[in-house]
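The block underneath contains the structure these notes are about, expressed in structure tokens.
What follows draws every value from the coordinates through simple rules; no lab data is involved. Since the structure is predicted, the reported quantities are computational estimates derived from the model, not experimental observations. For neighbour counting, all protein chains shown are included, and Cβ atoms are generated from backbone atoms with ideal geometry for every residue, glycine included.
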Amino acid sequence: MKLSYSKIRTYRTCQTEYWLSYILGIRRSEDEDRFRIGTNWHDLQAHVTPLPLNEQLAAAIETLDKAYNVEHIPEHLMEKFAVEYRKLLHSYLAWSEYWKEDNKRYGIYVLPEQRIEVKYPPALHLIGVVDLIPEDKKGKLWVREYKTTSEDIADGSDYWKNVQRDIQTPIYVILARAAGFDVQGVQYDVFRKPQIKPKKPVKKDLSGEGTQISYLGVTVTPDDFSAELETPVMFGIRLQQHIMEKPEYYFARKEIPCTQADIDRAWRTIQNTAKQIKYVMKNHLWVDDPQRCLEYGKCQYWSICSNNIDPEKELPIGFERK
Ligand code: SF4
């Protein structure tokens, strides 16, 4: 059996979700906001962060232009995606500025985007992708994992307690070591997604006249200047300044070391999960836990489960089989 961290996590969260996703291969036809933002944030980190600072702005724009290709965006989503584009761009610029000094402490190995597979006899395969390995000044190696969340990421928060307990750290260590990097653990780089939205501009924030006009001190166009509601460009300017006023609220970075005991515990969990999945699959014993459906925002399969649809016979609009 082949298992990845996300397969294990999905099974432990809701067996029905595992069945729908990994056995029946059912997906939403369009990415949900939270998955799209997470994926695009990860793309920015993978393609832009390894570049010199003076090349990052152009590369970030290029990466987001590809992700939000206007030719593929339906008319009714244009405005929403334009705001999301700016949210990611300016959050990334704030992130890059905030971690500028810390980033100098590391050399970064960029691994080719390929799946690593580790065999555990007799028939278990752990699979996953590790793409960035920072090396600190003392020569210690880590796996860099970028995460996005809506939760509190302050020191001592439940978020970090959960990260400490999770088997993601030993799983990444196992994978990185199999790829030839003797890592100490995982360096989590977390971005708390901003909840602020475009608002009516405050007069005192607009200044200048003619072509010399600005919003919060940054040059804008006459169209931006006269808009009732902040345009995506203006929103991005305000967002970046807002993040830089309290960056610790939005960004956190922590190294979680991994011991041999953590690795042994992870393998036990992986083995036990594999045995359970095999048994449940063979006997078709998938169960669900309705407490999970709305726990972290609405589950992507909510409209299937809440309407008692048999997904082997039909699918609601907005879903497809892969
Ligand atoms: S909607 Fe609820 S029961 Fe259905 S897959 Fe999601 S979490 Fe599981």
(request) Starting from the Cα of residue 272, step 7 Å along the direction of its Cβ; do the same at residue 199; then give the gap between the two resulting points in nm. (result) 4.8
(request) State which entries of 147/200; 66/119; 298/322; 138/254 exceed 25 angstrom in Cα-Cα distance in the structure shown. (result) 147/200; 66/119
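Select from the range 1-80 those GluC sites (Glu not before Pro) which occupy a DSSP coil region and have at most 16 other Cβ atoms within 10 Å, ordered by residue number. Before the final figure, lay out the partial values.
Values: sites: 17, 30, 32, 55, 62, 71, 75, 79; in loops: 30, 32.
Answer in residue order: 30, 32.
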(request) Return the distance in nm (one decimal) between the two label points of a simple spin-label model at residue 28 and residue 127, each offset 7 Å from Cα along Cα→Cβ. (result) 2.4
(request) Could you rank the peptides 311-321, 265-275 by their average count of other C-beta atoms within 10 Å per residue, with the highest value first? (result) 265-275, 311-321
(message) I need the calculated FRET efficiency for the pair residue 79 and residue 158, taking r as the beta carbon distance and R₀ as 35 Å, to the nearest 0.05.
(response) 0.50
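What do you get for GluC sites (Glu not before Pro) in the range 154-238 restricted to DSSP loop and a cutoff of at most 12 other Cβ within 10 Å of the site's Cβ?
Details: sites: 209, 228, 230; in loops: 228, 230.
Here the GluC sites (Glu not before Pro) that fit, given the DSSP loop and packing criteria, are 228.
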(request) Between residue 47 and residue 212, with labels modelled 7 Å along Cα→Cβ, what's the label distance in nm to one decimal, could you check? (result) 3.8
(request) Among the aspartates and glutamates, select those whose C-alpha is under 13 Å from the C-alpha of residue 104, and discard any that sit fewer than 8 residues away in the same chain. (result) 135, 136
